[in-house]
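Some notes on the structure that comes next.
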């Protein structure tokens, strides 16, 4: 990160459509590009931003020197939101429903 913004580096193993949307007061126009096989795209962005990947499983993402393991497969899309420091703002994980208590082995569980 420097006065020109955060360094973002993308590399595609196959064709993928990329959209970068600057957010916040710095703003700016969206950047749109299609990466081809083995093509890299390095650029700087100021302030918070969003990355949208089509065919995300073929794209390696690095923001501010940190590799982003988005976990998407080939053909899947992915959207990542980043703050002005380049930290990935991951969506909250859904809460799992509580499981009913497991009865003790000695406990009688036959219905009345």
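Can you confirm whether residue 40 is surrounded by 15 or more Cβ atoms within 10 Å (Cβ to Cβ), more than 17 Å from residue 81 (Cα to Cα) and in contact with a strand residue (DSSP E or B) (Cβ under 6 Å, 6 or more places away or on another chain)?
For residue 40, the condition - surrounded by 15 or more Cβ atoms within 10 Å (Cβ to Cβ), more than 17 Å from residue 81 (Cα to Cα) and in contact with a strand residue (DSSP E or B) (Cβ under 6 Å, 6 or more places away or on another chain) - is not met.
Quick test of your reading of the structure: residue 51 fulfils all but one of (1) touching a residue at least 40 places away in the same chain (Cβ under 8 Å); (2) within 20 Å of residue 67 (Cα to Cα); (3) part of a loop (DSSP other than H, G, I, E, B). Name the failing condition by number.
It fails just one condition, (3).
With the structure loaded, tell me whether residue 60 is surrounded by fewer than 15 Cβ atoms within 10 Å (Cβ to Cβ), over 17 Å from residue 89 (Cβ atoms) and either in contact with a helix residue (DSSP H, G or I) (Cβ under 8 Å, 6 or more places away or on another chain) or in contact (Cβ under 8 Å) with a residue 60 or more places away in the chain (or both) or whether it fails that test. Talk me through it step by step, then tell me what you get.
Working: surrounded by fewer than 15 Cβ atoms within 10 Å (Cβ to Cβ): yes; over 17 Å from residue 89 (Cβ atoms): yes; either in contact with a helix residue (DSSP H, G or I) (Cβ under 8 Å, 6 or more places away or on another chain) or in contact (Cβ under 8 Å) with a residue 60 or more places away in the chain (or both): no.
The answer is no for residue 60.
Here are some conditions: (1) assigned to a loop (DSSP other than H, G, I, E, B); (2) more than 12 Å from residue 8 (Cα to Cα). Residue 86 meets all but one. Which one does it not meet?
Evaluating residue 86 over (1) assigned to a loop (DSSP other than H, G, I, E, B); (2) more than 12 Å from residue 8 (Cα to Cα) leaves (2) as the failure.
This table checks each residue for (1) part of a strand (DSSP E or B); (2) at negative phi; (3) within 10 Å of the chain's Cα centre (by Cα).
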position: 18; (1), (2), (3): yes, yes, no
position: 25; (1), (2), (3): no, yes, no
position: 33; (1), (2), (3): yes, yes, no
position: 44; (1), (2), (3): yes, yes, no
position: 79; (1), (2), (3): yes, yes, yes
position: 95; (1), (2), (3): no, yes, no
position: 99; (1), (2), (3): no, yes, no
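Being in contact (Cβ under 8 Å) with a residue 40 or more places away in the chain and either farther than 16 Å from residue 13 by Cα or in contact with a strand residue (DSSP E or B) (Cβ under 6 Å, 6 or more places away or on another chain) (or both) is the filter here, so list the residues in the range 63-75 that pass it. Steps first, please.
From the range 63-75, those in contact (Cβ under 8 Å) with a residue 40 or more places away in the chain are 63-65, 74; that's our starting set.
Of everything in the range 63-75, those that are in contact (Cβ under 8 Å) with a residue 40 or more places away in the chain and either farther than 16 Å from residue 13 by Cα or in contact with a strand residue (DSSP E or B) (Cβ under 6 Å, 6 or more places away or on another chain) (or both) turn out to be 63, 64, 65.
Which condition number in (1) surrounded by 14 or more Cβ atoms within 10 Å (Cβ to Cβ); (2) under 12 Å from the mean Cα position of the chain (by Cα); (3) over 24 Å from residue 2 (Cα atoms) is the one that residue 71 fails?
(1)
Let me confirm something: among 4, 29, which residue is at pLDDT below 95, loosely packed, with under 15 Cβ neighbours inside 10 Å and touching a strand residue (DSSP E or B) at 6+ places or on another chain (Cβ under 7 Å)?
Working: 29 fails: touching a strand residue (DSSP E or B) at 6+ places or on another chain (Cβ under 7 Å).
Residue meeting the stated conditions: 4.
The values are calculated or read from the model by the stated rules, or taken from the named source; none is laboratory data. Note that the structure is predicted; figures quoted are calculated from it, not measured. Glycine gets a Cβ as well: all are built from the backbone with ideal geometry, and neighbour counts include every protein chain shown.
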